[in-house]
1. When the residues of the stretch 16-49 are narrowed to those that are modelled with pLDDT under 70 and of a type in the set (A, V, I, L, M, F, W, C), which ends up farthest from ALA125 (Cα to Cα)?
2. Of all residues in the stretch 132-151, count the ones that are touching an Asp or Glu at 6+ places or on another chain (Cβ under 8 Å) and modelled with pLDDT of 95 or more.
3. Test ALA94 against the stated conditions and say whether it is of a type in the set (A, V, I, L, M), touching a Pro at 6+ places or on another chain (Cβ under 9 Å), under 30 Å from GLN51 (Cβ atoms) and at pLDDT 85 or above.
4. Yes or no: ARG147 part of a helix (DSSP H, G or I), open to solvent by less than 20 Å² (accessible area, probe 1.4 Å) and within 28 Å of PRO22 (Cα to Cα)?
5. Looking only at the stretch 70-94, which residues are part of a loop (DSSP other than H, G, I, E, B) and either of a type in the set (Gly, Ala, Ser) or touching a helix residue (DSSP H, G or I) at 6+ places or on another chain (Cβ under 9 Å) (or both)?
6. Looking at (1) closer than 17 Å to ILE17 by Cα; (2) open to solvent by 30 Å² or more (accessible area, probe 1.4 Å); (3) touching a residue at least 40 places away in the same chain (Cβ under 8 Å), which one does CYS42 not meet, given that it meets all the others?
7. Just give me the residues in the stretch 100-121 being more than 12 Å from the chain's Cα centre (by Cα), assigned to a helix (DSSP H, G or I) and crowded, with 17+ Cβ neighbours inside 10 Å, in sequence order.
8. Can you name every residue in the stretch 74-99 that is under 23 Å from LEU35 (Cα atoms) and either surrounded by fewer than 15 Cβ atoms within 10 Å (Cβ to Cβ) or aliphatic (A, V, I, L, M) (or both)?
Amino acid sequence: MAHNTATMGNLPSGIGICTTIPDILYLPELVFGGLVWILVACTFVVPHNPQGWVMFVSVLCFTVTFIWIVVFACGMHHNKGRWAAADVMFHGIAAFLYLSASVALAKVTLEMKEVGGQNYHLDIAAVVFSYMTTLLYFVHTILSAIRWKSF
């Protein structure tokens, strides 16, 4: 644990993104965000608007998080202070977007409770994974802010 705390002030590159805090959260963010994307794509819900918003948020955050991992893994972040600030901003915006999508998805799922059906369980799973992804992005935002302040 002391090793991870000591590296908190540095932006990692290469394999370091898999061993440092908060960067170790990238992979769970991708996995849970991908699960939200898949589960929402498997369901058919009327109205489509909240599901469309959830799909937009999950695909956008999945894509940008993947690009973010590639940038850090390849070591393309030269001005470390600006990249640390951008990391905080990205994860803060992603947490906010995922929270809004999670609330919309939960509302639609609660409305589908009376109707039931086989997709209801998929919707419940999507809501759970959506809130877990929100929590991951939120924790990543806090830890990235701590790292950014240490520069």
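The values are calculated or read from the model by the stated rules, or taken from the named source; none is laboratory data. Only a predicted model underlies this, so the values are computations on that prediction, with no experimental measurement involved. Methodologically, a virtual Cβ is constructed for each residue, glycine included, from the backbone with ideal geometry; neighbour enumeration extends over all protein chains shown. Surface accessibility is based on the protein's heavy atoms, side chains included, excluding ligands, DNA and RNA. Shrake-Rupley method; radii C 1.70, N 1.55, O 1.52, S 1.80 Å.
1. Checked the stretch 16-49; the qualifying residue farthest from ALA125 (Cα to Cα) is VAL46.
2. 3
3. Working: of a type in the set (A, V, I, L, M): yes; touching a Pro at 6+ places or on another chain (Cβ under 9 Å): no; under 30 Å from GLN51 (Cβ atoms): yes; at pLDDT 85 or above: yes.
So ALA94 does not fit the description; no.
4. On the way: part of a helix (DSSP H, G or I): yes; open to solvent by less than 20 Å² (accessible area, probe 1.4 Å): yes; within 28 Å of PRO22 (Cα to Cα): yes.
Taking the combined requirement at face value, the residue satisfies it.
5. Going through the stretch 70-94, the residues part of a loop (DSSP other than H, G, I, E, B) turn out to be 75-79.
Selection gives GLY75, MET76, HIS77.
6. Failing condition for CYS42: (1).
7. Scanning the stretch 100-121 gives ALA104, LEU105, ALA106, VAL108, THR109, ASN119.
8. Selection gives ILE93, ALA94, ALA95, LEU97, LEU99.
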